[in-house]
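A.B. asks: Before anything else, here's the structure in question.
The values are calculated or read from the model by the stated rules, or taken from the named source; none is laboratory data. Keep in mind it's a predicted model, so treat the numbers as computed, not measured. Methodologically, a virtual Cβ is constructed for each residue, glycine included, from the backbone with ideal geometry; neighbour enumeration extends over all protein chains shown.
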Amino acid sequence: MTRDLDSVPENIIEVDRRASADRSDGMIGWDWDGKMQFRASAPGSRWYANAAHTLDPAPAYGHDIDVVIDAYRRVRAAFPMADPQSPCFYLVPYEFASRTNAYSHATSLPEPDDWPEEAAPPWTGVIGLCAKRIPPMPGRTRYLVAHEYGHIAEEWIKETLLGHHRMREDQRLMDDYAVMRGLDDADFDRGATPGRWHRSIDEVFACDFRIAVCGIEPDYWPHPGFAHPQRHPDVIDWWADIVAKNDALR
Ligand SMILES: [Zn+2]
């Protein structure tokens, strides 16, 4: 299949595999210890995302951009977010040294002069999908596009749909979400660590979004010990209400 380059959304960016000293816009560069790194900025901005990701420089296979675009269009149709919060996807041509599959950040943007003092800083979503030693299966690509988008949706839901202050009330949504799912504090973790990723409430949230809102790869439920959203009516109802709130903004 020949891809029509005009059909690539401007927020899906294939990162050049050559390292550059100028890392201002999603380039690969080097740190002082000689490690290859990727650090994204918001497109068109010189504002760096908050974390650099060390790369494994061995040759690797990136995600198929046509699969990324198709999944992105499905996810965005199900749950649109406005700019600048709507995320940008970087297709990184190397594997992360951390061996994770991808990352997402809600990245603060410079505040305009007239920005209200009480308001949380403006922000944008940045997502990186890394290459792998073996070509990623299309289902994995679809899963990652929807899952990482779900992490950015968490920030959007807090601020835009629920009116939470993203900084001061950072945990409130996840507190309420755990209660809705019938979980006690001992049942889940906050934040993901190796071997306990599946217990992270934010990761459960992002996979619930993927399945309950986007209907993407529902057979893949990587959270043993937690009910699949399609077998948890409260989860389905919660997301239906959120989607209705989001649709009302259109
Ligand atoms: Zn995640």
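A.B. asks: Hey, does segment 103-116 have a residue that's in contact with a Gly (Cβ under 9 Å, 6 or more places away or on another chain) and modelled with pLDDT of 95 or more?
C.D. replies: no
A.B. asks: Six or more apart or on different chains, Cβ under 8 Å: which pairs go from a residue in segment 79-107 that's part of a loop (DSSP other than H, G, I, E, B) to one that's within 13 Å of the ligand (Cβ to nearest atom) and of a type in the set (S, T, N, Q)? Could you list them?
C.D. replies: Final answer for the pair search is Pro87/Ser104.
A.B. asks: Could you say which residue among Arg210, Arg166 is surrounded by 17 or more Cβ atoms within 10 Å (Cβ to Cβ) and either out of contact with any helix residue (DSSP H, G or I) (no Cβ under 8 Å at 6 or more places or on another chain) or assigned to a loop (DSSP other than H, G, I, E, B) (or both)?
C.D. replies: Arg166
A.B. asks: Which of (1) free of Cβ contacts under 8 Å to residues at least 40 places away in the same chain; (2) away from the ligand (no atom under 16 Å from the Cβ); (3) of a type in the set (Phe, Trp, Tyr) is the odd one out, the single condition Trp221 does not satisfy?
C.D. replies: The number of the failed condition is (2).
A.B. asks: Just the residues that are surrounded by 18 or more Cβ atoms within 10 Å (Cβ to Cβ) and not charged (D, E, K, R), please, taken from segment 151-160.
C.D. replies: Across segment 151-160, the qualifying residues are His151, Ile152, Ala153, Trp156, Ile157.
A.B. asks: Okay, next question. Of the residues Asp175, Asp189, Asp237, Asp185, which is within 15 Å of the ligand (Cβ to nearest atom), more than 18 Å from the chain's Cα centre (by Cα) and farther than 24 Å from Arg73 by Cβ? Can you show your working first?
C.D. replies: On the way: Asp175 fails: within 15 Å of the ligand (Cβ to nearest atom); Asp237 fails: within 15 Å of the ligand (Cβ to nearest atom); Asp185 fails: within 15 Å of the ligand (Cβ to nearest atom).
Residue meeting the stated conditions: Asp189.
A.B. asks: Out of the residues in segment 230-250 that are of a type outside the set (A, V, I, L, M, F, W, C) and under 20 Å from Ala71 (Cα atoms), state the one that is surrounded by the fewest Cβ atoms within 10 Å (Cβ to Cβ).
C.D. replies: Of the residues in segment 230-250, the ones of a type outside the set (A, V, I, L, M, F, W, C) are 230-234, 237, 241, 245-247, 250.
Narrowing the set further to residues that are under 20 Å from Ala71 (Cα atoms) leaves 246-247.
Working: Asn246: 19, Asp247: 11.
Filtering segment 230-250 for residues that are of a type outside the set (A, V, I, L, M, F, W, C) and under 20 Å from Ala71 (Cα atoms), the one surrounded by the fewest Cβ atoms within 10 Å (Cβ to Cβ) comes out as Asp247.
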